[in-house]
1. Have a look at V84, I119, G56 and report the one farthest towards the positive end of the charge dipole of region 40-148, computed about the Cα centre with Cβ charges (Lys/Arg +1, Asp/Glu -1).
2. In debye, nearest 20, what is the charge dipole magnitude of region 46-144 about its Cα centre with +1 on Lys and Arg Cβ and -1 on Asp and Glu Cβ, if you could check?
3. Roughly speaking, what is the stretch gain from S81 to I138, that is 0.36 nm per residue apart minus the C-alpha to C-alpha distance, in nm to one decimal?
4. For S122 and D67, compute 0.36 nm times the residue count separating them, minus their Cα-Cα distance, and round to one decimal in nm.
Amino acid sequence: MGIKNMKRLIKKCLNCSLVVYFFCFLVVISINANAQKNRVNSQPKITFETTSHDYGVIFAGEDGVVDFNFKNEGKSPLIISNIVSSCGCMVVKWSKDPIMPNKKGTIKVAYNTNIIGDIKRSITVSTNDQSQSRIVLILTGKVVAKTK
């Protein structure tokens, strides 16, 4: 075998090696992307019907209870780990039990309507939903004194 033939053979081998390496790289990237997609698809997913409530104008002492309904649209249990309100003028209640996939839950907020004035409050919900681990719920409106 001559030197020219040897050089051609080496060049062909290098080209083939590059093609094989490139193909392997694509396969590894594809497998990794699918693994991440499957991991995300198996996570909990919280979806609220609404994330805000406007009381409008209400009179002092009226009912200030609001339900924020949500659903776990994910494929593993949803856990609400904590809820923090922006002031002590609200009492917030929720289930500490995990919300199973495709099940619904409620966060019950009771605003103290004996406080006269504008309502601009928030509730921060912390969950194990990695795509939105914190959701802010908003309360707005105005409390006015009852006229006699």
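1. Of the candidates, V84 comes out farthest on the positive side.
2. Values: 11 positive and 9 negative charges, 55 e Å.
So the dipole magnitude of region 46-144 works out to roughly 260 debye.
3. Details: separation 57, 0.36 × 57 = 20.52 nm, distance 1.89 nm.
Extra length available between S81 and I138 comes to 18.6 nm.
4. Details: separation 55, 0.36 × 55 = 19.80 nm, distance 1.38 nm.
This chain segment gains 18.4 nm when fully extended.
Every number here is computed from the coordinates shown, using simple stated rules; none is lab data. Since the model is a prediction, treat every value here as computed from it, not as a measurement. Every residue, glycine among them, receives a Cβ derived from its backbone with ideal geometry; neighbour counts consider all protein chains shown.
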